[in-house]
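Contents: one structure, followed by commentary.
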Amino acid sequence: MNISEDELEQRLRALFADERLDLPPPPDAGTTIVAGARRRRRRRQGVLAVTGVAAAVVAVSGGLTVLRLHSEDGTAVMSADGSSISVKPPENLTAGRQPDPSVPPPTSTQDIQVSVPHTSPTSKASRPPSAQSPSKLPPVLSGPLLGADGFGTIKLGMSETQIAAQGVTLSDAQAGGSCTVYTAQGSGVPAAATVVVSKALGLTVVTPAQAAHTAEGIGVGSTKDQVLAAYPAAKAETGGVVAPATSAADYHFRLGDSGVVQTSLASVNQDCAG
């Protein structure tokens, strides 16, 4: 039987419009779909959590860094801290024999394995306390000041008469040749001192009897390094260090186990024994 296209189309439309062909959803379809979506979401979150834990375990287990250089002509293994190195020579290289030319040349690094050692982000490497440099040590300012040209009001080059005029008494004279050693005391000096007076050149040496310091902060207890830092032109001498105070005078620092134990001021040009 032949039917036209229009009639065929009408019959198909009628067939598709028949309600008997509908498939109605069950009453609880919406609730079932939502519950299924929630289960899928919880399953996905559980998988992500397990993956994160596994990654953390892998990171923690990499405690040592190993660098392995592996190629056809040999293997070199070096630990991360450089404490050990092992080298495996190529198998085709023996004593007195050149490498087999038939073997192809080694390629670039074929196998590099690196694992970073695990360190706590809050840990800090401890550093040994560094010794304080001489320039950072506190200056010595205890005791009277021994100036670069004298002690108190008495100055290098003064005669015995000029020293006495400063309110200083010279006692315990010990004459020797052209010079005399005295003990100087009085209002003109901050403390008692041993002085040497030359008949021709006057006062040539002053040595305070108690701990004194210089204007540069060097005194009893100062180390040799401190002296050299304060006086770059200082030089070693028997039992201590001599440092220029002025162009006409030097400081003489006598050193002991604890550092400077005595400080003297002496004229550069003199005819008395230092």
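Couple of notes before you dig in:
- Within the accessible area of segment 144-247 (1.4 Å probe), percent carbon and sulfur: 53 percent
- With a Förster radius of 41 Å applied to the C-beta separation of Ile33 and Glu7, the computed FRET efficiency comes to 0.50.
- Tensor-based shape of segment 183-274 (alpha-carbon gyration tensor, a/c under 1.5 rounded, otherwise prolate or oblate): oblate
- Pair Thr194, Ser159: separation of 7 Å Cα→Cβ label points (nm): 2.7 nm
- Note on Arg254 and Glu237: the model spin-label points, each 7 Å out from Cα along the C-beta direction, lie 1.2 nm apart.
The values are calculated or read from the model by the stated rules, or taken from the named source; none is laboratory data. Bear in mind that the values here come from a model prediction, so they are computed numbers and not experimental data. All Cβ positions, even for glycine, are placed from backbone atoms using ideal geometry, and neighbour counts span all protein chains on display. Calculation scope for accessible area: heavy atoms of the full protein, side chains included, ligands and nucleic acids excluded. Shrake-Rupley method; radii C 1.70, N 1.55, O 1.52, S 1.80 Å.
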